[in-house]
Each structure stands twice: as C-alpha cells, then as structure tokens.
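K.L.:
Next up is a structure, given as structure tokens.
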Protein chains: 2
Amino acid sequence: MDFKKVDKNDIDYLISVCEQDRVFIENEINEDYSHDELAGIHKYPEVLVQAKNTEEVSKIMKYAYDNNIPVTPRGQGTGLVGGSVSLHGGIMLDMSKMNEILEIDEENLTLTVEPGVLLMEISKFVEDRDLFYPPDPGEKSATIGGNINTNAGGMRAVKYGVTRDFVRGLEVVLSNGEIMEIGGKVVKNSSGYSLKDLMVGSEGTLGIVTKAVLKLLPLPKKAISLLIPFPNLEMAIETVPKIIKSKVIPTAIEYMVKDVILASEEFLGKKFPDNSSDAYLLLTFDGNSKEEIEQVYEKVAHICLDAGALDVLISNTQERQDSIWSARGAFLEAIKASTTEMDECDVVVPRNRVAEFVKFSNELQKEFDIRIKSFGHAGDGNLHIYVLKDDLSEEVWEKKLADVFKAMYSKANELGGKVSGEHGIGYAKKPYLQESMGSFGMELLKNIKLSFDPKGILNPGKVC
Amino acid sequence: MDFKKVDKNDIDYLISVCEQDRVFIENEINEDYSHDELAGIHKYPEVLVQAKNTEEVSKIMKYAYDNNIPVTPRGQGTGLVGGSVSLHGGIMLDMSKMNEILEIDEENLTLTVEPGVLLMEISKFVEDRDLFYPPDPGEKSATIGGNINTNAGGMRAVKYGVTRDFVRGLEVVLSNGEIMEIGGKVVKNSSGYSLKDLMVGSEGTLGIVTKAVLKLLPLPKKAISLLIPFPNLEMAIETVPKIIKSKVIPTAIEYMVKDVILASEEFLGKKFPDNSSDAYLLLTFDGNSKEEIEQVYEKVAHICLDAGALDVLISNTQERQDSIWSARGAFLEAIKASTTEMDECDVVVPRNRVAEFVKFSNELQKEFDIRIKSFGHAGDGNLHIYVLKDDLSEEVWEKKLADVFKAMYSKANELGGKVSGEHGIGYAKKPYLQESMGSFGMELLKNIKLSFDPKGILNPGKVC
C-alpha cells in the first residue's frame with residue numbers, strides 16, 4: 001500500500017486539532033504503543049494522538065483521508081492478535097482518553113459510553129445501580145471500544161451471549177471523517193442492512209467507534225459457583241454436552257487443568273481452593289433467589305457425579321467465588337510468565353466437539369515436542385490454547401509454531417469451528433482466516449472493506 | 001435497470017433444472033404471487049419456479065447471473081412492504097417447498113432447517129422436545145426464511161430478542177450461484193466481518209437463504225399472562241417504562257385499545273375476556289416455577305395498580321391464555337376487514353417514547369380526518385399503526401397517506417426511532433429509509449449491495 005509519510009505539516013495540523021500535549025512523536029512515544037499483549041509484532045506509529053472527542057476524531061480522519069495517511073485506533077492495547085499495532089506507521093489514534101460514561105437510562109435499560117471506558121469501570125458503575133452488563137472477558141482492563149471491535153465474548157457467553165448482543169447503537173467516524181449514528185436505543189430494528197452488526201467485530205478497519213449505547217439487564221440477585229474435580233480432562237469436558245442436553249443453562253462453564261492452576265497459584269502467590277485433581281469444571285449459576293439456583297445446580301451436580309466427578313465444591317460466598325475467579329483470571333498471565341514467548345490459538349468449535357479438539361491439541365505436544373497449555377470456555381466451545389517457546393531457538397520455534405497452528409486450525413475447520421471465538425483476526429490470524437473463508441469469501445470481506453474505506457487507510461493490514 | 005426478458009430458452013433451462021411441474025408461466029401463475037399482504041403493489045413474475053434443494057437454487061442463480069435476469073425469492077408472501085413482489089418481472093423463486101426440518105442437535109441446542117419451514121411448525125417441533133425457539137411474530141404461517149430476511153421480531157422480543165439473535169449460521173446462495181456457509185453451530189465468533197448478521201434482515205437482496213442453523217433454549221416450564229385494563233391508553237403506555245425501571249423483564253408487553261378488541265371479537269366471532277375498558281396492557285411472564293413467576297408478576301401488578309390500572313386479570317390456564325393471544329393474533333386481519341384498504345407504519349422508538357408517539361399518531365387522525373388504528377409491542381417500542389382508506393377516493397387517499405406517513409416517520413426520527421422494527425423496508429418504505437439514513441448512509445448500503453450482487457439481479461428495487 002502506498003501511504004504518505006507523516007511530515008512536519010501533518011504534525012502541525014494534528015497539534016492544531018488536539019493541542020500539543022496530546023500529540024507525540026519519535027522518542028515521546030512509549031514503547032507500549034509499538035505492540036500488543038501477544039502477537040509478536042513490533043512497529044511504532046509515526047505519530048501518536050490522544051483524541052478527546054468525536055469532533056477531533058472526525059477532523060483527524062478527514063485529514064488522513066485527504067492526505068492518504070493510515071490510521072490505527074487503539075484502546076488499552078490488551079489484544080492478542082496485533083490488531084492495534086500500526087503496521088504501516090502513520091497515525092495511531094489513542095482512544096483511551098475518551099473515557100466518560102455519558103448516560104444511564106433506566107427506562108430503556110441502556111448505558112451510553114465513550115470507547116475508552118474500561119470494562120471494569122462499566123461493571124462497577126452498573127452493578128452499583130443493580131444493573132448488569134453481562135459480557136465478561138478475562139481482561140477487565142480492556143476498553144469497551146476494544147471489546148466492541150473484537151466482539152469480545154468472555155465467561156458468561158453460555159447464558160448471555162457476546163458483546164455484539166449487548167451493543168444497541170454506535171456512533172462511528174468513517175474513513176473520510178463523516179460521523180454516523182447506527183442503531184440506537186431501539187430494541188428491534190429492520191431498517192436496511194445491519195451496519196451496527198457489521199461494525200461490531202470489525203477491528204477498527206471499517207470505522208472508529210466514538211460512542212456506544214449498551215444494553216443492560218437487571219442484575220441477578222444471587223450467584224453460586226461450583227468447582228468440580230474430575231479424574232482427567234477428557235471426563236470433565238465430555239460432561240459439558242450432557243449438562244447442556246439436560247436443559248439447564250449455567251451462566252459459565254470453564255475448564256482448567258492442574259498444571260495451569262499450579263502456575264496461577266505461583267503467579268498470584270495465592271492458593272486455589274483445591275489442586276489435588278487433574279482437571280476441573282468451574283460452573284456459575286445466577287438467578288434471583290437461592291431456591292431457584294439451588295434447584296438448577298443440584299441437577300447439574302448429579303449429572304457431573306454420574307459422569308465420574310470426584311466431588312462438587314460449592315462456593316456460595318462472595319469471598320470464595322472471588323478467590324476462584326481471580327485465579328481463573330490470572331491463567332493467561334501465569335502461562336505467559338512460565339515461558340519465554342508464546343502464541344495463542346483462540347478457536348471456537350461446536351460445544352460437543354470441545355473434548356475432541358482438546359485431545360487433538362494435547363497430542364500435538366508429543367508429535368511436535370513442544371509445550372501446549374490450554375484453558376477456556378467449555379460451555380461455549382471457545383478454547384484458548386497456548387503454544388510455548390521455552391528454550392527453542394527462534395528458527396525452530398517459528399517452524400514448529402506454524403506447523404502446530406496449521407494443524408489446529410485445520411482440525412477446527414473439520415469440526416465446524418472458526419478461527420477466532422473472541423480475540424479477532426488482527427494481523428496474526430489473517431492466513432488462517434483466509435484458509436477458512438476461501439478466496440471467494442475473502443473477496444466479499446475485501447469488497448465490504450472497500451465500501452467503507454475506499455482508500456484503505458483504516459487500520460491497514462488487518463482482517464483482510 | 002436493464003434486465004433480460006425471460007424467453008423460451010430460459011424456461012427450457014429452468015425446466016431442465018427443476019422438472020416441468022415446478023415451473024409456471026403466464027396463466028399458470030396464481031394471482032397470490034403477484035402481491036404480498038399489504039403493500040398495495042401488484043406485479044407478476046415472468047416465470048415462477050419452486051426450488052427443492054440448494055443445488056437447484058445455485059444452478060438457477062448461476063444462470064440468472066450469466067443471463068442478467070432478476071430473481072425474487074419468496075416464502076409465504078405474508079410480508080407487508082412488497083419485499084417478495086417481483087417488481088422487475090424475471091424469475092420468482094418460491095422457497096416454500098424447501099420445507100424440511102433437517103436436524104435437532106440437543107447437545108449444541110440448535111435446530112437446522114430449510115427456509116420454507118413455517119414458524120408454527122418450528123414451535124411445535126421444538127416444544128414437543130421441551131425446547132424453545134423464542135422469536136414469536138404474529139404471523140405464524142410465515143416461513144422461517146421470510147423471518148430471517150426481515151429480521152422478524154414479535155411479542156417476546158422484550159425478554160428474548162429478535163430473529164437475528166437466534167440465527168447461528170446460514171447457508172446462502174449468492175447472486176452468481178456460489179454456495180456459502182456463514183456462521184455455524186458455534187456460540188462465539190470473531191472471525192472477520194459478520195456476514196451472518198449482514199444477511200439477516202437483508203430481504204433477499206444479498207443472497208438466497210437455503211438453510212439456517214437456529215439457536216434454541218430450554219422451554220420455560222410455566223407462563224402466565226396478565227390482562228390489565230386502564231382508563232385510557234396514555235395511562236397504560238406510560239406504565240411500561242415504570243415496569244422496565246423496576247428491574248423486571250416480562251416476556252411480552254403488548255398494548256391494545258377497545259375498538260381494536262371489538263373489531264377482533266367481530267372478526268373471530270369470539271368474546272375477549274374483557275372489553276369494558278378503553279385500553280389494556282397484556283403482559284406475559286415465563287419461568288421454571290410458579291413461585292418464580294408469581295414473585296415477579298405480583299411486583300408488576302402493584303406497579304400497574306399504583307399507576308392507575310383498574311384491575312389485574314390473571315390468566316394462568318392454557319385455555320384462557322390461548323383465547324387472549326388468539327384475539328391479539330387477529331388484530332391485523334380484523335382491522336384489515338374493517339376497511340377497504342390500509343397501509344402500515346412499523347416504526348420502533350425507544351420504549352420510553354412510545355406514549356408520546358402513540359399520542360402523536362392519534363392527533364394525526366383529527367388533523368388529517370382519517371381513521372388510524374394501532375396496537376403493538378409496548379415493551380420493545382415497536383408499534384403497528386394502520387392508516388385506513390375507508391371510502392376515500394384513490395387520489396385523496398394517496399395524498400393523505402403520504403402526508404400522514406411523512407409526519408409519522410419524521411416524528412419517529414425525532415424521538416430516536418427507526419423506520420421499521422420488524423417488517424423491513426421492501427419496496428414500500430424505501431423513501432422513508434432514504435430520509436432517515438441520509439444520502440451518505442444510503443451510499444454505504446448500496447456499496448454493500450454491490451459487493452454481494454454486482455449485477456443487481458437479487459430482488460431488485462428493494463431496500464436500496
């Protein structure tokens with residue numbers, strides 16, 4: 001792609017829009033902005049701009065459009081696929097200062113926010129008002145804008161769905177600076193193609209999200225978690241379709257194995273309630289009364305025991321639940337801390353194929369003589385599988401990683417799965433998306449991209 | 001648009017694909033195929049073909065693409081905006097013979113169907129297995145393909161959402177005959193732009209749906225309806241935001257007025273449980289136990305009584321509920337039977353603006369001296385407002401209808417609403433979509449359309 005390099009005039013223009021102290025060049029740009037949390041790619045933007053409002057974003061985009069300068073939007077940079085790395089240099093648009101909660105509307109059950117608000121700030125704000133924003137990705141310090149751009153999922157997708165299901169409306173700035181409202185506070189909509197749903201999950205390649213109207217629910221009054229040890233992982237995971245088939249929908253069903261728990265204990269310096277078994281299911285149930293939840297979880301506890309579970313540990317205090325879920329939240333960091341470098345496969349498969357996929361990925365460990373660790377959302381079929389470099393040489397690592405990934409994504413395809421459940425495609429997973437969509441499908445995606453961004457300046461090099 | 005006329009060679013080709021007895025021309029085409037249920041537009045296709053499988057659809061589309069012949073897909077023709085009328089002649093593709101339920105998968109809670117399966121067949125099939133497909137549009141004899149194409153909503157959207165929320169995957173045939181699988185049985189997906197969500201609600205203008213994977217839920221074990229009379233409509237509707245604000249989510253909240261109820265009684269020849277009050281709210285609650293539901297509806301009953309409700313009539317038997325809901329289901333037909341011709345406004349507004357909108361539309365009756373009747377989904381802000389011709393001359397009717405519609409859609413826009421909540425844009429609502437999206441927004445829709453259908457042969461003249 002043939003973009004214009006950023007020069008002195010461009011910087012002057014950006015300063016005229018945003019004030020000096022929010023425009024950074026060269027050494028002023030912190031190293032953090034050159035990468036995300038995982039994708040193994042490093043590249044600095046030519047200029048970093050911290051936008052404060054929609055008008056600024058619009059002016060910057062119009063200028064970039066007129067001058068053919070690439071723009072990469074960025075939230076907290078917690079992504080795992082290089083989506084927020086400015087591969088082609090140009091302008092990085094840091095959205096994290098647009099972080100106001102603008103309105104809570106209790107009559108329409110909506111929350112209107114700027115894109116830089118953190119997920120944990122949203123939870124706290126709404127839960128203080130007995131309301132509930134169900135999407136619950138592991139990384140609570142991500143921005144809502146980032147969550148919208150990757151259609152983030154999280155633990156509670158089993159019962160409640162993903163970010164897309166909780167975005168009612170968006171304000172976006174398009175590649176030419178045009179400001180557009182799509183969707184709104186309405187509950188139903190059949191008025192032309194759903195631009196809202198197209199924008200969600202588009203990883204900043206179709207427009208810059210500058211405002212979002214989120215759907216809320218009443219906060220469930222009670223939640224109980226069950227930690228259920230099994231003799232081995234296969235037995236644990238094979239129990240999940242039996243739970244679903246019993247016509248009970250837990251809020252979350254996670255799986256975890258002993259050595260990931262041990263790594264997390266070491267990382268956090270805190271004991272997990274139990275680490276004596278090889279594998280665990282962690283389930284949560286929520287509802288409005290103790291009786292309602294008990295009825296349901298007792299049924300599930302019996303299903304698990306019939307399927308060979310060793311015990312059922314009930315966590316009905318906030319403290320106990322926090323201790324379990326904080327360990328769960330640390331798995332990614334704990335695995336990362338245990339090796340030199342790693343890469344992640346975020347596949348999703350139909351939930352009755354999870355056992356088969358996990359078994360397959362475990363076999364790859366032996367076949368390729370490489371460490372592979374996994375945990376994930378057994379209840380919605382979305383697995384996080386980490387391939388670890390340890391002390392492999394760069395060359396061997398790259399070869400093995402490519403082979404292991406290729407095998408995993410092709411297995412996912414065979415099982416009716418998809419390349420990414422919730423982390424997106426970004427830069428790192430493009431070849432696998434290509435393989436799974438085929439050339440005709442990719443052509444469609446590219447045409448859609450061109451409809452929104454004819455000059456290709458929005459987050460170039462990502463998705464398609 | 002410059003399409004090729006259908007000739008003898010084309011007919012011969014279609015017969016070679018589909019057999020003689022599923023290809024109809026001229027007098028063989030039933031009058032029903034020249035219109036839908038409302039839009040006031042009549043046009044016959046040049047040839048009507050009843051497809052039996054995806055391969056046939058693919059061959060027909062490939063041929064149509066190569067020969068530049070327009071193709072209009074059609075289900076049961078129950079639409080209200082002319083979406084399934086072959087405005088430009090060409091081939092009408094009747095999908096109603098592709099009506100097999102292909103698979104129920106209880107481990108993944110999905111149902112795979114062909115597009116011609118009727119909504120009422122789906123309900124029965126899944127409910128017999130204690131499962132639940134929540135979308136519940138009034139017209140139960142519509143096909144699921146039609147529901148997907150209009151992103152149909154229905155009564156239960158308040159609690160469960162709309163058709164889009166229950167479509168996990170689609171098989172579609174694109175304009176050039178290419179068969180494409182989008183989405184699947186997976187619960188999460190962040191693998192490129194969401195083509196699935198783009199296809200849902202696209203009214204047959206982007207592709208022909210030939211298979212759908214629907215999401216199911218466990219069937220709630222109990223449901224109770226409350227019929228709540230109010231002294232007037234304003235008081236009834238103004239109660240709805242109070243219910244939502246109380247952090248209770250009913251399954252459905254409908255509003256209705258006395259003269260619509262009387263019309264329905266006359267139309268059905270059956271008494272409604274009560275017709276003594278001017279206005280009613282009809283609420284349903286579902287759940288897994290009587291206690292769970294009672295707790296919730298008692299709270300709501302108190303809110304309604306505090307807001308001036310005259311009584312709370314509880315329907316806890318299946319028989320009583322059926323009698324109320326069958327009357328509700330007949331409203332459209334009853335209003336239609338009471339006049340010579342009518343047209344419908346299917347706006348959706350934020351749910352705390354419903355009262356304002358209904359009041360506004362009532363005032364239009366006096367202002368324009370024309371009968372206007374309405375009922376609708378108070379709980380999700382989606383109103384069905386009917387403007388009646390009665391004995392007006394064609395000329396006066398057309399003028400008044402245009403003026404009234406213009407006023408209503410511009411009011412909807414002002415209140416943050418949208419042109420269509422669940423019936424789509426089709427042909428009839430195009431000018432209003434244009435006004436609400438603006439020229440830039442329409443340009444985007446057109447570009448998306450071109451990405452999928454570069455020759456514009458798929459359902460031309462609809463949406464954009």
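The values are calculated or read from the model by the stated rules, or taken from the named source; none is laboratory data. Keep in mind it's a predicted model, so treat the numbers as computed, not measured. Methodologically, a virtual Cβ is constructed for each residue, glycine included, from the backbone with ideal geometry; neighbour enumeration extends over all protein chains shown. Please note that ligands, DNA and RNA were not included when accessible areas were found on the heavy atoms of the full protein model with its side chains. Shrake-Rupley method; radii C 1.70, N 1.55, O 1.52, S 1.80 Å.
Rundown of residues vs (1) open to solvent by 10 Å² or more (accessible area, probe 1.4 Å); (2) of a type in the set (D, E, K, R); (3) out of contact with any strand residue (DSSP E or B) (no Cβ under 8 Å at 6 or more places or on another chain), yes/no style:
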| site | (1), (2), (3) |
| --- | --- |
| A:Leu313 | yes, no, no |
| A:Ile324 | no, no, no |
| A:Val348 | no, no, no |
| A:Arg353 | yes, yes, yes |
| A:Phe360 | yes, no, yes |
| A:Leu364 | no, no, no |
| A:Ala378 | no, no, no |
| A:Leu388 | no, no, no |
| A:Asp391 | yes, yes, yes |
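K.L.:
Kindly provide the set of residues from segment A:395-430 that are surrounded by fewer than 22 Cβ atoms within 10 Å (Cβ to Cβ) and within 8 Å of another protein chain (Cβ to nearest Cβ), ordered by number.
P.N.:
Of everything in segment A:395-430, just one residue is surrounded by fewer than 22 Cβ atoms within 10 Å (Cβ to Cβ) and within 8 Å of another protein chain (Cβ to nearest Cβ), namely A:Gly416.
K.L.:
If you scan segment A:203-227, which residues turn out to be touching a Ser or Thr at 6+ places or on another chain (Cβ under 8 Å) and in a strand (DSSP E or B)?
P.N.:
A:Thr210, A:Lys211, A:Ala212, A:Val213, A:Leu214, A:Lys215, A:Lys222, A:Ala223, A:Ile224, A:Ser225, A:Leu226, A:Leu227, listed by residue number.
K.L.:
Can you find a residue that is surrounded by 22 or more Cβ atoms within 10 Å (Cβ to Cβ), out of contact with any Ser or Thr (no Cβ under 8 Å at 6 or more places or on another chain) and among the hydroxyl-bearing types (Ser, Thr, Tyr) anywhere in segment B:434-444?
P.N.:
No, segment B:434-444 contains no residue that is surrounded by 22 or more Cβ atoms within 10 Å (Cβ to Cβ), out of contact with any Ser or Thr (no Cβ under 8 Å at 6 or more places or on another chain) and among the hydroxyl-bearing types (Ser, Thr, Tyr).
K.L.:
Ok, one more. What pairs can you find where one residue is in segment B:219-247 and within 30 Å of A:Ser246 (Cβ to Cβ) and away from chain A (no Cβ under 12 Å), the other is among the hydrophobic types (A, V, I, L, M, F, W, C) and part of a helix (DSSP H, G or I), and their Cβ atoms are less than 7 Å apart, with a gap of 6+ or different chains?
P.N.:
Taking only residues 6 or more apart or on different chains, the pairs are B:Lys222/B:Ile293; B:Ile224/B:Ile293; B:Ser225/B:Ile324.
K.L.:
Among the residues of segment A:198-218, which ones are within 14 Å of chain B (Cβ to nearest Cβ) and not hydrophobic (A, V, I, L, M, F, W, C)?
P.N.:
A:Gly201, A:Ser202, A:Glu203, A:Gly204, A:Thr205, A:Gly207, A:Lys211, A:Lys215, A:Pro218
K.L.:
Let me ask you something else. Taking into account only those residues within segment A:128-147 that are within 13 Å of chain B (Cβ to nearest Cβ) and part of a strand (DSSP E or B), which is nearest to the chain's Cα centre (by Cα)?
P.N.:
The residue in question is A:Asp136.
K.L.:
Right, here's the next one. So, in segment A:431-464, how many residues would count as being facing chain B (nearest Cβ under 10 Å) and in a helix (DSSP H, G or I)?
P.N.:
Selection size over segment A:431-464: 19.
K.L.:
Mind checking which strands (runs of 3 or more DSSP E) fall wholly inside segment A:1-119 and carry at least 2 residues that are at pLDDT 95 or above, open to solvent by less than 10 Å² (accessible area, probe 1.4 Å) and not aromatic (Phe, Trp, Tyr)?
P.N.:
Output list reads A:47-50, A:71-74, A:91-94, A:110-113.
K.L.:
Related question: For the list (1) within 11 Å of chain B (Cβ to nearest Cβ); (2) outside any loop (DSSP other than H, G, I, E, B); (3) over 12 Å from the mean Cα position of the chain (by Cα), I need the number of the one condition that A:Asn189 fails.
P.N.:
(2)
K.L.:
Turning to a different aspect of this structure: Just one of A:Phe375, A:Phe440, A:Phe357 is out of contact with any Cys (no Cβ under 8 Å at 6 or more places or on another chain) and without any contact (Cβ under 8 Å) to a residue 40 or more places away in the chain; which is it?
P.N.:
Of the residues listed, the single one that is out of contact with any Cys (no Cβ under 8 Å at 6 or more places or on another chain) and without any contact (Cβ under 8 Å) to a residue 40 or more places away in the chain is A:Phe440.
K.L.:
Of all residues in segment B:298-311, which are open to solvent by 50 Å² or more (accessible area, probe 1.4 Å) and part of a loop (DSSP other than H, G, I, E, B)?
P.N.:
Listed by number, the residues that qualify are B:Leu310, B:Asp311.
K.L.:
Sticking with this structure for a sec: Six or more apart or on different chains, Cβ under 6 Å: which pairs go from a residue in segment A:387-416 that's within 18 Å of A:Asn352 (Cα to Cα) to one that's open to solvent by 30 Å² or more (accessible area, probe 1.4 Å) and not polar (S, T, N, Q)? Could you list them?
P.N.:
From segment A:387-416, the pairs are A:Tyr409/A:Tyr432; A:Lys411/A:Phe360; A:Leu415/A:Arg353; A:Gly416/B:Lys185.
K.L.:
Can you tell me which residues in segment B:249-268 are closer than 25 Å to B:Glu298 by Cβ and open to solvent by 10 Å² or more (accessible area, probe 1.4 Å)?
P.N.:
B:Ile249
K.L.:
Can you tell me how many residues within segment B:248-296 are part of a loop (DSSP other than H, G, I, E, B), small (Gly, Ala, Ser) and within 14 Å of chain A (Cβ to nearest Cβ)?
P.N.:
1
K.L.:
Could you look through segment A:270-297, keep only residues that are crowded, with 16+ Cβ neighbours inside 10 Å and hydroxyl-bearing (Ser, Thr, Tyr), and pick out the one that is nearest to the chain's Cα centre (by Cα)?
P.N.:
A:Thr284
K.L.:
Only residues that are of a type in the set (S, T, N, Q) and more than 19 Å from B:Ala39 (Cα to Cα): list them for segment B:430-449, please. I'd like the intermediate steps shown before the answer.
P.N.:
First, the residues of segment B:430-449 that are of a type in the set (S, T, N, Q): B:434, B:436, B:439, B:447.
Once the filter is applied, which keeps residues that are of a type in the set (S, T, N, Q) and more than 19 Å from B:Ala39 (Cα to Cα), segment B:430-449 yields B:Ser436, B:Ser439, B:Asn447.
K.L.:
Does A:Lys196 satisfy the criteria of being part of a helix (DSSP H, G or I) and outside the structural domain of A:Gln318 (by TED's automatic domain parsing)? Reasoning before the result, please.
P.N.:
Values: part of a helix (DSSP H, G or I): yes; outside the structural domain of A:Gln318 (by TED's automatic domain parsing): yes.
In short, yes.
K.L.:
Name the pairs whose Cβ atoms lie under 6 Å apart, with the first residue in segment B:303-323 and closer than 20 Å to B:Asp278 by Cα, the second surrounded by fewer than 17 Cβ atoms within 10 Å (Cβ to Cβ) and of a type in the set (Gly, Ala, Ser), and 6 or more positions between them or separate chains?
P.N.:
Filtered contacts from segment B:303-323: B:Ile303/B:Ser246.
K.L.:
Next up: Could you check segment B:221-251 and list, in sequence order, the residues that are among the aliphatic types (A, V, I, L, M) and out of contact with any strand residue (DSSP E or B) (no Cβ under 8 Å at 6 or more places or on another chain)?
P.N.:
B:Ile244
K.L.:
Report yes if A:Ser374 is facing another protein chain (nearest Cβ under 9 Å), surrounded by 19 or more Cβ atoms within 10 Å (Cβ to Cβ) and not hydrophobic (A, V, I, L, M, F, W, C), otherwise no.
P.N.:
It is false that A:Ser374 is facing another protein chain (nearest Cβ under 9 Å), surrounded by 19 or more Cβ atoms within 10 Å (Cβ to Cβ) and not hydrophobic (A, V, I, L, M, F, W, C).
K.L.:
Same structure again: More than 29 Å from B:Lys429 (Cα to Cα) and basic (Lys, Arg): does that describe A:Lys211?
P.N.:
no
K.L.:
Could you please give the count of residues in segment A:148-173 that are modelled with pLDDT of 95 or more, more than 8 Å from chain B (Cβ to nearest Cβ) and either open to solvent by less than 10 Å² (accessible area, probe 1.4 Å) or more than 14 Å from the chain's Cα centre (by Cα) (or both)?
P.N.:
Here the count works out to 12.
K.L.:
Please go through (1) closer than 21 Å to B:Tyr193 by Cα; (2) open to solvent by less than 20 Å² (accessible area, probe 1.4 Å); (3) outside any strand (DSSP E or B); (4) without any contact (Cβ under 8 Å) to a residue 60 or more places away in the chain for A:Leu383 and return the number of the only condition it doesn't satisfy.
P.N.:
Status for A:Leu383: all satisfied but (3).
K.L.:
Restrict the check to segment B:328-346 and report whether at least one residue is within 12 Å of chain A (Cβ to nearest Cβ) and either of a type in the set (Phe, Trp, Tyr) or touching a helix residue (DSSP H, G or I) at 6+ places or on another chain (Cβ under 7 Å) (or both).
P.N.:
The answer is no, given that none of the residues of segment B:328-346 is within 12 Å of chain A (Cβ to nearest Cβ) and either of a type in the set (Phe, Trp, Tyr) or touching a helix residue (DSSP H, G or I) at 6+ places or on another chain (Cβ under 7 Å) (or both).
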